[in-house]
Amino acid sequence: MRSAASHPSQSLRLIRRGALALLTSLLFAGSFIAGKYTTVDLGPLTTSLLRYLIASGVLAALMARSPQGFTPITRKDALPIMLLGSFGVLGYHAFFLPACVTPPSPTPP
C-alpha cells in the first residue's frame, strides 16, 4: 500500500500545506507584536481597522485571481457566515486589544 506522500506531487502538496500553516502562525504571532508598537502612535482601534483593511485588500486580490472568482453568498449561508465572522472578530479582539494596551514585561539585564 502506498503512503499519501509516495507520489512527488502529493509530497510537494503536503510541504506547501505545512509551510502555509507555519506562515499563518507567524503572521498571527507577529500581529500581537506589531500591535504593541503601533498602538503607541495610532491607538488599538485604528490599528485593528488598518489591519482589517489590509487583510481585506489582500483577500480580495487573491479571490480575484482564483479560478472560481467571487462566490456569491446564498441566503441559507448568510447567518452562519455572519455568526462565524462576529465570533471570530470578537474572540480575536478579546485577546488582541488587551495585549496591545498592557505594558511589556521588563527583561532582566
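Derivation of every value follows stated rules applied to the coordinates shown; laboratory data play no part. On a predicted model such as this, the values are computed, not experimentally measured, just so you know. Every residue, glycine as well, gets a Cβ built from its backbone with ideal geometry; the counts of neighbours run over all protein chains shown.
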Of Val40, Val89, how do they rank once you tally other Cβ atoms within 10 Å and put the fewest first? Val40, Val89
Which Cα, out of Tyr37, Leu90, Pro67, lies furthest along the positive dipole direction of the chain (beta carbon charges, K/R +1, D/E -1)? Pro67
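Which order do Lys76, Lys36 fall in if you start with the one that has the fewest other Cβ atoms within 10 Å?
Lys76, Lys36
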About the Cα centre, and with charges only on the beta carbon of Lys, Arg (+1) and Asp, Glu (-1), how big is the dipole of the chain? Nearest 20 debye, please. 480 debye
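Once you order the gyration tensor axes a ≥ b ≥ c over the Cα atoms, which shape class does the chain get: rounded for a/c under 1.5, otherwise prolate or oblate by comparing a/b with b/c?
oblate
I need the peptides 79-86, 41-48, 28-35, 10-17 ranked by packing, meaning the mean over residues of other C-beta atoms within 10 angstrom, with the highest value on top. If you can, show how the numbers build up before the last one.
On the way: 79-86: 10.1, 41-48: 15.0, 28-35: 13.2, 10-17: 11.6.
Highest-to-lowest ranking by the protection proxy: 41-48, 28-35, 10-17, 79-86.
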Phi-derived 3J(HN,Hα) across the range 69-82 with the Karplus relation (6.51, -1.76, 1.60, θ = phi - 60°), rounded Hz, x for Gly and Pro, is x, 7, 9, x, 8, 7, 4, 5, 8, 4, 5, x, 5, 5
Of the residues Thr74, Thr39, Thr24, which exhibits the maximal mean-square fluctuation in a Gaussian network model of the chain defined by a 10 Å Cα contact cut-off? Thr74
